[in-house]
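**Q** Shown below is the structure under consideration.
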């Protein structure tokens with residue numbers, strides 16, 4: 001299994017898909033608890049949700065599961081949210097704080113996994129952003145995520161449907177943030193928040209450099225917006241998803257349309 005799949009296009013937009021992969025090598029899978037082996041914290045069906053919404057979009061997808069190593073975490077192991085519950089570079093618990101491993105990986109194994117899986121994904125993502133920027137003068141990374149809407153270990157109450165992260169406006173031009181937030185706020189029947197519990201993971205924070213004409217924004221969707229149930233088997237709900245895809249298509253096309261006005265900035 002290759003660490004990453006790239007589908008190359010000519011749009012200024014690049015979709016990052018760090019958490020949709022479900023591949024776990026046999027030797028690692030055997031060390032997961034029975035709960036861990038359910039792979040419950042996958043971003044279920046997110047690739048399907050975004051497929052075909054923007055002509056010419058580039059996608060960079062991690063094939064490996066986040067329990068092998070999390071492609072959206074700082075490779076140094078530093079926490080994204082100091083002082084708050086979160087999961088690490090190789091998570092030791094699931095999103096409910098329950099143990100994942102019969103035997104936790106040591107530092108040497110974490111580093112080996114980083115080199116084998118995390119690094120190739122980010123090498124591919126960086127290469128595509130540079131390629132797109134060379135074409136358009138600007139590249140916009142839209143990082144695609146989903147999560148259960150109720151997880152007391154991570155946050156209080158019910159998560160909004162659209163969770164937009166720009167690390168408090170640092171990772172993209174204000175107009176990108178404003179356009180995405182405006183579309184989400186205007187989506188009838190949906191709730192949204194900008195830089196709430198999820199402000200953008202390591203990917204968004206690492207690549208988002210507006211001064212260098214690389215912009216990044218994260219979208220964390222509540223899984224209740226497109227799944228029949230937020231527990232096993234995490235089935236895709238076609239009716240819910242098609243209703244949501246209308247708004248996601250508007251977001252992607254609107255952001256792509258901004259590129260021309262952003263490409264001349266330095």
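The values are calculated or read from the model by the stated rules, or taken from the named source; none is laboratory data. Just so we're clear, the structure is a prediction, and the values are computed from it rather than from any experiment. A quick note on method: Cβ atoms are made from the backbone with ideal geometry, for glycine too, and the neighbour counts reach across all protein chains shown.
**Q** Go over the candidates 232, 221, 262 one by one and state the one that is at pLDDT below 95, touching a helix residue (DSSP H, G or I) at 6+ places or on another chain (Cβ under 8 Å) and closer than 23 Å to residue 39 by Cα.
**A** Going through 232, 221, 262 in turn, just one is at pLDDT below 95, touching a helix residue (DSSP H, G or I) at 6+ places or on another chain (Cβ under 8 Å) and closer than 23 Å to residue 39 by Cα: 232.
**Q** When you scan segment 26-43, do you find a residue that is under 30 Å from residue 136 (Cα atoms), in contact with a helix residue (DSSP H, G or I) (Cβ under 7 Å, 6 or more places away or on another chain) and surrounded by 14 or more Cβ atoms within 10 Å (Cβ to Cβ), even just one?
**A** Within segment 26-43 (the criterion being under 30 Å from residue 136 (Cα atoms), in contact with a helix residue (DSSP H, G or I) (Cβ under 7 Å, 6 or more places away or on another chain) and surrounded by 14 or more Cβ atoms within 10 Å (Cβ to Cβ)), the answer is no, since none of the residues qualifies.
**Q** Another one. Give the residues of segment 1-35 that are outside any loop (DSSP other than H, G, I, E, B) and closer than 17 Å to residue 110 by Cα, sorted by residue number.
**A** 23, 26, 27, 28, 29, 32
**Q** While we're on this one: Return the only residue of 208, 165 being closer than 18 Å to residue 263 by Cα, modelled with pLDDT of 95 or more and surrounded by 16 or more Cβ atoms within 10 Å (Cβ to Cβ).
**A** Within the list 208, 165, the selection yields 208.
**Q** Then there's this: Only residues that are more than 24 Å from residue 95 (Cα to Cα) and in contact with a helix residue (DSSP H, G or I) (Cβ under 7 Å, 6 or more places away or on another chain): list them for segment 241-259, please.
**A** 244, 245, 247, 248, 250, 251, 254, 255, 258, 259
**Q** Moving to a separate point now. Is it true that some residue in segment 213-220 is surrounded by 19 or more Cβ atoms within 10 Å (Cβ to Cβ) and over 20 Å from residue 18 (Cα atoms)?
**A** Looking through segment 213-220, at least one residue is surrounded by 19 or more Cβ atoms within 10 Å (Cβ to Cβ) and over 20 Å from residue 18 (Cα atoms).
**Q** Tell me which residues, restricted to segment 202-261, are under 15 Å from residue 149 (Cβ atoms) and assigned to a strand (DSSP E or B).
**A** Within segment 202-261, 219, 220, 221, 222, 227 meet the criteria.
**Q** Could I ask something else about it? Can you name the residue in segment 175-194 that is in a helix (DSSP H, G or I) and free of Cβ contacts under 8 Å to residues at least 24 places away in the same chain and is also nearest to residue 219 (Cα to Cα) among such residues?
**A** Per the stated criteria, the residue is 181.
Here's the yes/no breakdown for (1) at pLDDT 95 or above; (2) buried (at least 22 other Cβ atoms within 10 Å of the Cβ); (3) on the phi > 0 side of the Ramachandran plot; (4) not in a loop (DSSP other than H, G, I, E, B):
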position: 48; (1), (2), (3), (4): yes, no, no, yes
position: 56; (1), (2), (3), (4): yes, no, yes, no
position: 67; (1), (2), (3), (4): yes, yes, no, no
position: 77; (1), (2), (3), (4): no, no, yes, no
position: 80; (1), (2), (3), (4): no, no, no, no
position: 83; (1), (2), (3), (4): no, no, yes, no
position: 108; (1), (2), (3), (4): yes, no, no, yes
position: 112; (1), (2), (3), (4): yes, no, no, yes
position: 118; (1), (2), (3), (4): yes, yes, no, yes
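**Q** Would you check which residues across segment 44-56 are farther than 17 Å from residue 87 by Cβ and in contact with a helix residue (DSSP H, G or I) (Cβ under 7 Å, 6 or more places away or on another chain) and list them?
**A** Listed by number, the residues that qualify are 49, 50, 53, 54.
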